[in-house]
Amino acid sequence: MDLSQAVLLLAAGLAAGLMNAIAGGGSLITFPALLGIGLPSVPANVSNSVAVCPGYFASVYGSRHDLRGQLRRTVLLLPTAVAGAIAGCVLLLITPETAFDKVVPFLVLGATAVLAFQDQLRRVVGHPARISHARQQAMLHSMVALGAVYGGYFGAALGVMFVAGLALVLDETLARVTAVKNLLSATVGLTTVVVFALFGPVNWATVAVLAPATIVGGYLGARLARRLPGRLLKTIIVIFGTGIGIYLLVHAFT
């Protein structure tokens, strides 16, 4: 890796950390950057998953105030996130990428649509305040499981998928939902680090360059997300999610 490649990865890591903390989708910056310096797709995907993980924890720290009062509920979701992430990692390591790549864009666009039409969907499934505790828990675990499987496999727009599902079920501000998303994303990220470090083709040199940049970006992004009005934050996430979904759709079918 030469100096220009290292600078490219540093810039990509900083931008990805910011995006992941606010909306998700940072891997669509770091993953192409890793491909651009010459890594094959699977090592690039695996190395990217490992590299962005520290940025998730920086986001958790930056949004820690919005986790207060809902930490116990979030902790109960973590085993589901771990199990889903392991399943996603196994899928990546044992199945052809092309099959899942064609499904991913529709998952991202679907999650974005759920968030965009959240109020209309709530009229169908019921407002969170009127959902029974048992039903709410079942819906939360189902959405976290699906998001974690996706995160273990690829991870781009994981934040969009988590926010879309959680915002539909939780009667919380979007900033507080984003804080929960950050802790779940960090859990998925840590799980992928363990699995890929043991079984995946990680390029540790690129990780050493990317990871510190994602930490800085993740912390700054989380602080910024706390200050954004809920409607503006939702608009940003929907725009990011739509753009990411279209990008993945074009990439998968060209």
Once all protein chains are kept in place, HIS133 shows an accessible area at probe 1.4 Å, nearest 10 Å², of 130
Filter the trypsin sites (Lys or Arg not before Pro) in the range 60-99 down to the DSSP loop ones having no more than 10 other Cβ atoms within 10 Å, then list what survives.
-> ARG68
Gap separating the Cα centres of the range 177-254 and the range 127-169, nearest whole Å | 16
Can you tell me the 0 to 90 degree angle between the C-alpha axis of helix 230-252 and the longest principal axis of the chain, rounded to 10?
-> 50
Extension length gain for VAL103 and ALA205 (0.36 nm per residue less Cα distance), in nm, is 33.6 nm
Ratio of the chain's C-alpha Rg to 2.2 N^0.38 Å, to two decimals?
-> 0.94
Mind pulling the angle between the C-alpha long axis of helix 3-22 and the longest principal axis of the chain? Nearest 10 degrees, somewhere in 0 to 90.
-> 10
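Find how much the distance from SER4 to SER132 grows on full extension, using 0.36 nm per residue of separation minus their present alpha carbon separation; answer in nm with one decimal.
Details: separation 128, 0.36 × 128 = 46.08 nm, distance 5.51 nm.
Full-extension gain reported as 40.6 nm.
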Could you tell me how many degrees, from 0 to 90 and to the nearest 10, lie between the Cα long axis of helix 104-116 and the main elongation axis, the longest principal axis, of the Cα atoms of the chain?
-> 40
What is the packing order of peptides 37-45, 9-17, taking the mean over residues of other C-beta atoms within 10 Å and listing the highest first?
-> 9-17, 37-45
What number, rounded to the nearest 500 deg cm²/dmol, is the helix-based mean residue ellipticity at 222 nm of the chain, given -39500 (n - 2.57) per DSSP H run of at least four residues and division by all its residues?
-> -27500 deg cm²/dmol
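The values are calculated or read from the model by the stated rules, or taken from the named source; none is laboratory data. Bear in mind that the values here come from a model prediction, so they are computed numbers and not experimental data. Please note: Cβ atoms are built from the backbone with ideal geometry, for glycine as well, and neighbour counts cover all protein chains shown. Just the protein is used for accessible areas: all its heavy atoms, side chains included, with ligands, DNA and RNA removed. Shrake-Rupley method; radii C 1.70, N 1.55, O 1.52, S 1.80 Å.
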